[in-house]
């Protein structure tokens, strides 16, 4: 049995080991990856998922030096990756928006049936994350989650839900994502 396990292990290494890319930038085990350094690791991310219609799908990553990476996925004017640099004032504004929203105190998910009074289907989600002062949080926000309806039958979001929508829209506004979306 032990001999058979050895043969399987050797075969796996030969089969899969040769399929790995061979380049000079291979990251050694237990060494920090370039993406983990303080200046390249994203401090803010925002992803808008696709829906069952024509909702724009894209991702934004913003690191502590102001590097902005946009990745257009679908129903956007610009597909693929675009890099830009935010000004110091734009970055400070974004950081303060997340801090002022008390981002770390919000729930991680806004999509389960028990947290929605009324759940509409086919809506996109917005997934944000924030890294600040040793803390990290990620929130998955389903946009089809409503608290109730008003006297006119219009769907109404909870206060926390409205706060998240405002934060997400503010990120898009400050970064000016419309230049890649429409």
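All of the numbers you see were taken from the coordinates with simple rules; none came from a lab. This is a predicted model, so every value here is computed, not measured. Cβ placement follows ideal geometry from the backbone for every residue including glycine, while neighbour counts extend to all protein chains displayed.
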(Q) At a 10 Å Cβ-Cβ cut-off, how would you order 65, 173, fewest neighbours first? (A) 173, 65
(Q) On a full-extension model of 0.36 nm per residue, what is the gain between residue 81 and residue 148, subtracting their alpha-carbon distance, rounded to one decimal in nm? (A) 20.3 nm
Q. What distance in nm separates the simple spin-label points at residue 132 and residue 99, each placed 7 Å from Cα in the Cβ direction?
A. 0.6 nm
Q) Which log10 I(q)/I(0) values, to two decimals, does the range 36-181 give at q = 0.19, 0.21 Å⁻¹ under the Debye formula with one point per Cα? A) -1.18, -1.36
Q.
Neighbour counts of other C-beta atoms within 10 Å: give me 174, 62 arranged from fewest to most.
A. 174, 62
Q) When only C-alpha pairs under 8 Å and at least 6 residues apart count, what is the relative contact order of the range 36-181, in percent? A) 22 percent
